[in-house]
Each structure stands twice: as C-alpha cells, then as structure tokens.
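**Q** This is the structure I have questions about; it appears just below.
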Amino acid sequence: MNEPVTSETYAAQLRRLADLTARVREQRAEAYTWHERQCAAAERAVTDAAEQLQSAEEELVAARELQERVDAEVAHLWQLLRARLGARRLGGPPAPANGVGATDPVPLLAKTRDLLDRAGQPGELPGSVNPLLALCGVAGGVLAYALGAGARALGVGYGGDLAVGLPVLALVVTLLGPLVGLVPARVLADRRHAVLGPRPITVVIGAGLLTTVLLLVLGR
C-alpha cells in the first residue's frame with residue numbers, strides 16, 4: 001500500500017515547485033534579454049551595412065565622375081601634345097596602366113597641363129640664327145635703298161614737282177631700310193615658333209642701319 005502523503009512531503013514538493021518556477025522565470029527572462037540583445041545587434045548590423053552600402057554607392061558615383069573628368073582631361077591634353085609635336089601618328093591617348101598604386105590623378109594632370117603650356121610658349125631665337133637675322137637687315141637696307149634710288153631717278157626723269165617731292169620720299173624710304181628687315185625676321189621667328197626679342201631686333205636693325213649708311217656713303 002502507498003504511504004499517505006504527509007504535510008512535510010507536500011510542503012517540500014511545494015518548495016521544489018516554487019524553486020523550479022523561479023528558475024524557469026529567470027531562464028525565460030534571460031532568454032528574453034538575450035533575444036532583445038540579439039535583435040538590437042542585428043538591427044545595428046543592418047543599419048551599419050546600409051550606411052556602408054550608401055557610402056560605397058556615393059564613392060562609386062564620385063569615382064565615376066572623377067574618371068569621366070580625368071578621361072576628358074587626358075583626351076584634351078593628348079590633343080594639345082599632338083598639336084605641339086605636330087604628330088598625327090600618335091593615335092589616341094594611352095590606356096590607364098594596370099597595377100599602378102592609388103594616386104590622385106588631378107595633381108598629375110595639372111602638372112602635365114603646366115608642362116605643356118610652358119612647352120608651347122615660344123622662346124627667343126637662338127644665337128645660331130644671328131647671321132640670318134643680319135642678312136634680313138642687310139636685305140631690308142638694300143631693298144629700301146633701291147626703292148629710294150628708283151624714286152630719285154623718277155624725280156629726275158619727270159622733273160617739276162616730282163623732282164622735289166620724290167627725293168624727299170626716297171630719303172624717307174631709305175631711312176626705313178633698317179626696319180624693313182624686321183619683316184623677314186618675323187617670318188623666320190614664326191617658322192621656328194619663337195618670339196622676335198630685343199636681341200634679334202637689335203641684330204636686324206643694326207645690320208640694316210650699317211647697310212643703309214654704307215650705301216648712302218657709296219652713293220654720293
């Protein structure tokens with residue numbers, strides 16, 4: 001026969017049931033807390049991932065815009081280079097090199113543009129062309145003297161007022177002889193993509209002036 005349940009056994013069972021209920025309640029609270037923490041961490045991870053994705057998309061858009069600007073600048077600088085060198089066989093601009101470290105292309109393009117601008121600026125004629133410049137001055141003096149001599153001859157031939165006016169005009173033309181040589185000297189400078197600076201001008205005018213003085217002395 002089963003022994004009857006005493007009051008002490010019943011009380012012990014109640015205490016055990018209360019303990020189990022408390023443990024279940026604690027474990028359930030811990031489970032709820034862990035679940036809330038996991039959900040909060042997952043939400044933070046999703047938010048961080050969304051922010052990183054948005055940042056990556058913005059960087060991608062900015063990189064594409066920069067690439068378009070760089071490509072346009074490279075094409076423009078390549079055209080300038082072809083114009084400077086006069087080389088039509090260069091083809092299109094070079095493709096970007098692979099395996100190159102990340103470098104901001106904007107400063108490099110600015111340096112390239114500055115270099116092309118300085119390379120495109122005309123310089124002064126070298127000293128090796130001084131004989132040609134002197135020859136231009138001599139040719140200008142001879143040409144002006146010849147025109148003046150022709151004007152004086154016409155004045156003598158026609159007589160009258162022309163005999164008075166043409167010699168004066170002939171003298172003016174003759175005196176302009178040193179400046180006439182600047183015309184072919186300028187053509188020479190343009191062909192060499194240079195400027196006609198003070199030194200070349202001095203050489204031309206000096207040679208033309210010397211030629212004009214000698215012709216006037218010899219023509220007396």
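**Q** I'd like to check something: does the range 116-126 contain any residue that is at pLDDT 75 or above and open to solvent by 80 Å² or more (accessible area, probe 1.4 Å)?
**A** First, the residues of the range 116-126 that are at pLDDT 75 or above: 125-126.
If we keep only those that are open to solvent by 80 Å² or more (accessible area, probe 1.4 Å) too, we end up with none.
For the range 116-126, residues at pLDDT 75 or above and open to solvent by 80 Å² or more (accessible area, probe 1.4 Å): absent.
Conditions (1) part of a helix (DSSP H, G or I); (2) free of Cβ contacts under 8 Å to residues at least 60 places away in the same chain; (3) touching a His at 6+ places or on another chain (Cβ under 7 Å); (4) open to solvent by less than 50 Å² (accessible area, probe 1.4 Å), marked per residue:
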{"position": "P184", "(1), (2), (3), (4)": "yes, yes, no, no"}
{"position": "V187", "(1), (2), (3), (4)": "yes, yes, no, no"}
{"position": "D190", "(1), (2), (3), (4)": "yes, yes, no, no"}
{"position": "P200", "(1), (2), (3), (4)": "yes, no, no, yes"}
{"position": "V204", "(1), (2), (3), (4)": "yes, no, no, yes"}
{"position": "A207", "(1), (2), (3), (4)": "yes, no, no, yes"}
{"position": "L210", "(1), (2), (3), (4)": "yes, no, no, no"}
{"position": "L214", "(1), (2), (3), (4)": "yes, yes, no, no"}
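**Q** Among the residues of the range 58-69, is there at least one that is at pLDDT below 90, open to solvent by less than 90 Å² (accessible area, probe 1.4 Å), acidic (D, E) and within 30 Å of T112 (Cβ to Cβ)?
**A** No: the range 58-69 contains no residue that is at pLDDT below 90, open to solvent by less than 90 Å² (accessible area, probe 1.4 Å), acidic (D, E) and within 30 Å of T112 (Cβ to Cβ).
The values are calculated or read from the model by the stated rules, or taken from the named source; none is laboratory data. Fair warning: this is a prediction, and the values are worked out from it, not measured in the lab. Reconstructed Cβ throughout: ideal geometry from the backbone, glycine too, with neighbour counts over all protein chains shown. With ligands, DNA and RNA removed, areas are computed over all heavy atoms of the protein, side chains included. Shrake-Rupley method; radii C 1.70, N 1.55, O 1.52, S 1.80 Å.
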